[in-house]
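S.K.: Dumping the structure here so I can ask a few things about it.
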Amino acid sequence: MKTYLTLLVREWREWRTVMIIVGSLYLVGMVGWSVVLHKGSNALIRGEIHTEWEDFRGFDDDDDGPEWLTPRQMAAAGRAHVLLFGWSHMLRVGAAFINVVLLVLILFYLVDAVYKERSDGSTFFYRGLPVSDMSIISSKLVAGMVGFLGISFILGVLWIYFAQITFPGSIRDLLAGADLSPYQVASLDLIKDWLVFHCLQLVWLVPFGVYFLFVSTVTRSRPLLVGMGVPILLGLFWRFLIGDDAVWELLTTNFGAIGSAIQAEWLGAHGPEGVIAGEPIQLFGSFVGYLLSLRTVISLLVAGGLFGITVYAYRRNLPVS
Amino acid sequence: MEPLIDIQNVSKSFGATKALKSVSLDIEAGRIVGLVGPNGAGKTTLLRALTGGINYQGNIRILGLEPRTQRRKLMASTGVIHDVAVLPPWMKVKQVLDYMEGVHPQFDRPSCEGFLATTAIEQGKKIKHLSKGMKTQLHLALVMATETRLLILDEPTHGLDILFRKRLYTTVLDDYFDGDKSILISTHQVEEVEHILSDVIFIRDGSVLLYTTMDDLREKFVQLISPAEKAEEVRQLGPLTEHELFGRKVFLLKDVDRQAVERLGKVQVPSVADVFVALMGGEG
């Protein structure tokens, strides 16, 4: 256990600068985005921006009978809705950005993790110590997958609370002034969804993670190009010869889903298919269902096979050009 | 008794190049063995095979362990210093110590820090900012502070100045070797290690040309410095080499009666370097 923790600490120390830089850039981006939204919100509240809601005089709520809002309530609700929509979009874009950053980080980290050692010769140092090849390779995979997913999760939680804290109090005032109740966002539910999604993503991305590590172990040069090139070519092949977007969807489908789920939570509405506000994500029927599905079994088998080949290749210590 | 290192018919090819050709050796415990050969002879390939660094054909057992499949166990009892700077350049010195402490149960950190205190190496410095000599010193400190039964040094002084080279071998002898431990040193600068060796292996083109104890080597080979008029008589004995020095002829002879050849000139014990050059030249 001590050995394995040391291996993980080693990975953290090697890559922490990248992680800190990315995290900082992300936080700067969050602040910038919220400043823009704040300015827009204030302009809207002061009536400097006209919303088409203000042209309405009222609406029918349901079949039980007419329910009229006063023009003042209507305008307030309209402005509040626009603001809520803006804030929820802010969360959605932020969530998508976290996922893109996550994918790029995993890609960059894993394709370089072994290649860098092979290039600078430090493989001989690491393999001159009583640590098994399997521990070395698996520590890189764990650091890449769990580590970056963990960072992404933390960023996501920060993102949710950041949005809560910076949510303009004037929106609440706006609604309260018109005798309307502001929608209460369930932050804990949001975080739970986020965590469930990340666990799902971890299982789902493992074959790709091991594939990138395999590339890092065997390629003689340009691991990033090889690592990205093969899935792209495979995707194009699938798209144009088989007429199916399965490969692209495998990589991208759920990156948008979490953003939609978060937006749905804020708007108190239903999100995309399988995503219900305030409930655990059910992108594949259910999280447990997905974990027990054939797809998971195949994913883990592919990952396991590739992992074995990667350890074998690492043992051979193939030269780089 | 089982030899410390048992190598049987080990071969290794890189594409069409045969780096090792059916090498077989037995090395007993408690020896300091020099693996001597020119560049490209196969020394590093053999040492990397011994440490499980590369795949190979044949059988190797070190301390009863197979390097490819039991590398982790083997490395708990074996220290290695490679020919090139292999310490991770991004790490700080302190971080390497942390790493060693975390993964090697036999690593004695206070001992290592004590060794480093006698050098100019600062623990806060990154390895990439150390000079080549400092990197070797650091690696040596790590290995010296680790309790092992076998030390493998692959061209440890390559690119170092004479002060570092002297210090390295002095440290290895004083702080590591105690008669029970074994050391395998690969070098092509045989003259700087011959005084500490108990055995020597000559290797060229992936084959072992000679494996003998230093005592046997001194018995077997004779350097004869003869006047020019006796040269023809010496040539009848089949010298391995012959060259001229200040108007006299210098011969290297193998398996001759010392007393019998004393009448032909001055008899001397040849250096390992002389034997090495003779054998290398003789084969090529």
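The values are calculated or read from the model by the stated rules, or taken from the named source; none is laboratory data. These numbers come from a predicted model, not from an experiment. Quick reminder, even Gly has a Cβ in these numbers, built from the backbone with ideal geometry, and neighbours come from all protein chains shown. Protein only, heavy atoms only, side chains kept; ligands, DNA and RNA dropped before computing areas. Shrake-Rupley method; radii C 1.70, N 1.55, O 1.52, S 1.80 Å.
S.K.: Residues in the range A:137-157 that are away from every other protein chain (no Cβ under 14 Å) and within 14 Å of A:L213 (Cβ to Cβ): how many? Explain how you work it out, then say what you get.
M.R.: Keep residues of the range A:137-157 that are away from every other protein chain (no Cβ under 14 Å), which gives A:141-157.
With the extra rule that they be within 14 Å of A:L213 (Cβ to Cβ), the set shrinks to A:141-148.
Counting residues in the range A:137-157 that are away from every other protein chain (no Cβ under 14 Å) and within 14 Å of A:L213 (Cβ to Cβ) gives 8.
S.K.: Are any of the residues in the range B:149-159 open to solvent by 10 Å² or more (accessible area, probe 1.4 Å) and either of a type outside the set (D, E, K, R) or free of Cβ contacts under 8 Å to residues at least 12 places away in the same chain (or both)? Give the steps one after another, and end with the answer.
M.R.: Taking the range B:149-159 first, the residues open to solvent by 10 Å² or more (accessible area, probe 1.4 Å) are B:149, B:155, B:158-159.
Imposing the further condition that a residue be either of a type outside the set (D, E, K, R) or free of Cβ contacts under 8 Å to residues at least 12 places away in the same chain (or both) reduces the set to B:158-159.
Yes, the range B:149-159 has at least one match.
S.K.: Count, please, the residues in the range B:195-233 that happen to be in contact with a strand residue (DSSP E or B) (Cβ under 7 Å, 6 or more places away or on another chain) and either of a type in the set (D, E, K, R) or assigned to a loop (DSSP other than H, G, I, E, B) (or both).
M.R.: Qualifying residue count, the range B:195-233: 7.
S.K.: Output the number of residues of the range B:68-83 satisfying the condition of being surrounded by fewer than 22 Cβ atoms within 10 Å (Cβ to Cβ) and under 30 Å from B:G133 (Cβ atoms). Let's see the steps before the verdict.
M.R.: Taking the range B:68-83 as the starting set, the residues that turn out to be surrounded by fewer than 22 Cβ atoms within 10 Å (Cβ to Cβ) are B:68-70, B:72-73, B:76-77, B:83.
Going one step further and asking which of them are under 30 Å from B:G133 (Cβ atoms), we end up with B:76-77, B:83.
Of the residues in that region, 3 qualify.
S.K.: Would you mind stating whether A:S122 is free of Cβ contacts under 8 Å to residues at least 60 places away in the same chain and within 14 Å of another protein chain (Cβ to nearest Cβ)?
M.R.: Values: free of Cβ contacts under 8 Å to residues at least 60 places away in the same chain: yes; within 14 Å of another protein chain (Cβ to nearest Cβ): yes.
Against the criterion (free of Cβ contacts under 8 Å to residues at least 60 places away in the same chain and within 14 Å of another protein chain (Cβ to nearest Cβ)), A:S122 qualifies.
S.K.: Does B:A76 qualify as being out of contact with any Asp or Glu (no Cβ under 6 Å at 6 or more places or on another chain), away from chain A (no Cβ under 14 Å) and either over 21 Å from B:E192 (Cα atoms) or hydroxyl-bearing (S, T, Y) (or both)? Write out each step before concluding.
M.R.: Working: out of contact with any Asp or Glu (no Cβ under 6 Å at 6 or more places or on another chain): yes; away from chain A (no Cβ under 14 Å): no; either over 21 Å from B:E192 (Cα atoms) or hydroxyl-bearing (S, T, Y) (or both): yes.
The answer is no for B:A76.
S.K.: Sort out which residues of the range A:125-136 are facing chain B (nearest Cβ under 7 Å), open to solvent by 10 Å² or more (accessible area, probe 1.4 Å) and more than 14 Å from B:I81 (Cβ to Cβ), and write them in order of number.
M.R.: Across the range A:125-136, the qualifying residues are A:P130, A:S132.
S.K.: Can you tell me which residue in the range B:84-107 is nearest to A:E117 (Cα to Cα), limited to those that are surrounded by fewer than 16 Cβ atoms within 10 Å (Cβ to Cβ) and within 27 Å of the chain's Cα centre (by Cα)?
M.R.: B:V84
Listed here are the residues, each with its yes/no results for (1) open to solvent by less than 30 Å² (accessible area, probe 1.4 Å); (2) within 13 Å of chain B (Cβ to nearest Cβ); (3) part of a helix (DSSP H, G or I).
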| site | (1), (2), (3) |
| --- | --- |
| A:A80 | yes, no, yes |
| A:G86 | yes, no, yes |
| A:H89 | no, no, yes |
| A:V100 | no, no, yes |
| A:V104 | no, no, yes |
| A:L107 | yes, no, yes |
| A:V111 | yes, no, yes |
| A:R118 | yes, yes, yes |
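S.K.: If I ask for residues that are assigned to a loop (DSSP other than H, G, I, E, B) and more than 7 Å from every other protein chain (Cβ to nearest Cβ), which ones from the range B:86-119 would you list?
M.R.: B:M91, B:P105, B:Q106, B:D108, B:T118, B:T119
S.K.: Report, by residue number, each residue of the range B:203-256 that is aromatic (F, W, Y) and in contact with a Ser or Thr (Cβ under 6 Å, 6 or more places away or on another chain). Spell out the reasoning first.
M.R.: In the first step, residues of the range B:203-256 are kept if they are aromatic (F, W, Y); the result is B:211, B:221, B:246, B:251.
Within the range B:203-256, none qualify.
S.K.: Quick test for you: out of B:I225, B:I185, pick the one residue that is surrounded by fewer than 18 Cβ atoms within 10 Å (Cβ to Cβ) and touching a Gly at 6+ places or on another chain (Cβ under 8 Å).
M.R.: Values: B:I185 fails: surrounded by fewer than 18 Cβ atoms within 10 Å (Cβ to Cβ).
Being surrounded by fewer than 18 Cβ atoms within 10 Å (Cβ to Cβ) and touching a Gly at 6+ places or on another chain (Cβ under 8 Å) holds for just one of B:I225, B:I185, which is B:I225.
S.K.: Still on this model: If you scan the range A:151-196, which residues turn out to be assigned to a helix (DSSP H, G or I), open to solvent by less than 20 Å² (accessible area, probe 1.4 Å) and either modelled with pLDDT under 65 or in contact with a strand residue (DSSP E or B) (Cβ under 9 Å, 6 or more places away or on another chain) (or both)?
M.R.: Within the range A:151-196, A:L175 is the sole residue that qualifies.
S.K.: Please determine, by comparing only the residues of the range B:15-44 that are out of contact with any helix residue (DSSP H, G or I) (no Cβ under 8 Å at 6 or more places or on another chain) and within 14 Å of another protein chain (Cβ to nearest Cβ), which one is nearest to B:R149 (Cα to Cα).
M.R.: Step by step, filter the range B:15-44, then rank; the result is B:T44.
S.K.: Using beta carbons and a limit of 9 Å, which pairs, at least six apart or on different chains, have the first residue in the range B:45-64 and at negative phi and more than 11 Å from chain A (Cβ to nearest Cβ) and the second one among the hydrophobic types (A, V, I, L, M, F, W, C) and open to solvent by 30 Å² or more (accessible area, probe 1.4 Å)?
M.R.: B:T45/B:F14
S.K.: Is it true that some residue in the range B:167-179 is more than 14 Å from chain A (Cβ to nearest Cβ), among the basic types (K, R), in a helix (DSSP H, G or I) and exposed (fewer than 14 other Cβ atoms within 10 Å of the Cβ)? Step through it out loud before you land on a result.
M.R.: Kept after step one, since they are more than 14 Å from chain A (Cβ to nearest Cβ), are these residues of the range B:167-179: B:167-179.
Applying the additional criterion that residues be among the basic types (K, R) yields B:167.
Still in the list and also in a helix (DSSP H, G or I): B:167.
From what's left, exposed (fewer than 14 other Cβ atoms within 10 Å of the Cβ): none.
No: zero hits.
S.K.: Count, please, the residues in the range B:1-22 that happen to be open to solvent by 80 Å² or more (accessible area, probe 1.4 Å), among the aliphatic types (A, V, I, L, M) and modelled with pLDDT of 85 or more. Spell out how you get there, then give the answer.
M.R.: Residues of the range B:1-22 open to solvent by 80 Å² or more (accessible area, probe 1.4 Å): B:1-2, B:9, B:14, B:16-18, B:21.
Filter again for among the aliphatic types (A, V, I, L, M), leaving B:1, B:16.
Subsequent filtering for residues that are modelled with pLDDT of 85 or more retains B:16.
Of the residues in that region, 1 qualify.
S.K.: Which of the residues that make up the range B:120-143 are without any contact (Cβ under 8 Å) to a residue 40 or more places away in the chain, assigned to a helix (DSSP H, G or I) and either within 14 Å of B:K92 (Cβ to Cβ) or open to solvent by less than 20 Å² (accessible area, probe 1.4 Å) (or both)? So that I can check it myself, show each step before the final result.
M.R.: Let us first name the residues in the range B:120-143 that are without any contact (Cβ under 8 Å) to a residue 40 or more places away in the chain, namely B:120-126, B:128-131, B:133-134, B:137, B:141.
From what's left, assigned to a helix (DSSP H, G or I): B:128-129, B:133-134, B:137, B:141.
Result: B:K128, B:H129, B:G133, B:M134, B:A141.
S.K.: Exactly one of (1) within 14 Å of chain B (Cβ to nearest Cβ); (2) modelled with pLDDT of 80 or more is unmet by A:V18. Its number?
M.R.: Here A:V18 clears every test but (2).
S.K.: Quick one: which of A:G229, A:G235, A:G209 is small (G, A, S), open to solvent by less than 50 Å² (accessible area, probe 1.4 Å) and touching a residue at least 60 places away in the same chain (Cβ under 8 Å)? Lay out the reasoning, then the answer.
M.R.: On the way: A:G229 fails: touching a residue at least 60 places away in the same chain (Cβ under 8 Å); A:G235 fails: touching a residue at least 60 places away in the same chain (Cβ under 8 Å).
Only one candidate qualifies: A:G209.
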